[in-house]
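Single-structure report; data block below.
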Amino acid sequence: MIKLKNKRGSALLITVLVVTIITTVGLNAAGLVMSGTILSGVQERSTLAFYAAESGAERSLWDARVNGFTLPMSQDNIYGTTTLSNNAYYNVNYATSSTETTFTSVGSFMETRRSIYIKY
């Protein structure tokens with residue numbers, strides 16, 4: 001059996017290992033927080049784009065049902081590009097058949113797009 005005469009270096013080695021482990025855990029936690037922040041931003045943009053699309057769909061249904069809206073000859077962008085107060089916008093297109101009209105409302109916010117299809 002070999003006896004070590006100098007054991008003072010073991011405290012330094014244990015300290016370095018503990019600091020390394022704490023640093024690794026801290027960096028992983030910071031990465032998780034950053035990922036969550038990025039994903040919440042994506043969710044926010046998606047929600048605003050969806051609500052913009054819903055606004056266009058509701059406007060189309062309102063015009064069709066309540067105001068007796070006559071569909072224009074052009075099927076593309078029947079209201080033009082409509083910008084909302086939060087800088088989201090929507091475009092509404094339609095297609096008609098002998099029995100129904102289908103409205104497609106596309107909402108956009110900061111390069112995120114969501115669509116709603118309504119058969120009327």
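None of the figures in this text is laboratory data; all of them are computed from the coordinates on show. These numbers come from a predicted model, not from an experiment.
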| query | Given Cα pairs under 8 Å that are at least 6 residues apart, what percent is the relative contact order of the chain? | reply | 25 percent
| field | Read-out semi-axes √(5λ) of the Cα gyration tensor in Å, derived from the coordinates shown; its label in (1) 23, 18, 14; (2) 64, 12, 9; (3) 36, 22, 9 | value | (2)
| field | Whole-Hz ³J(HN,Hα) from phi, Karplus 6.51 cos²θ - 1.76 cosθ + 1.60, for the range 80-94, glycine and proline x | value | x, 7, 9, 9, 8, 5, 9, 6, 7, 9, 9, 10, 10, 10, 9
| remark: Karplus-derived 3J(HN,Hα) from phi for the range 97-110 (6.51 cos²θ - 1.76 cosθ + 1.60, θ = phi - 60°), whole Hz, x at Gly and Pro, runs 10, 5, 10, 8, 10, 10, 9, 10, 10, 10, x, 9, 8, 6
| task | Would you mind calculating the gained length between GLU100 and TYR120 on full extension (0.36 nm times residue separation, minus the Cα-Cα distance), in nm to one decimal? | result | 6.6 nm
| said: Between 0 and 90 degrees, rounded to the nearest ten: what's the tilt of helix 9-65 against the longest Cα principal axis of the chain? | reply: 0 degrees
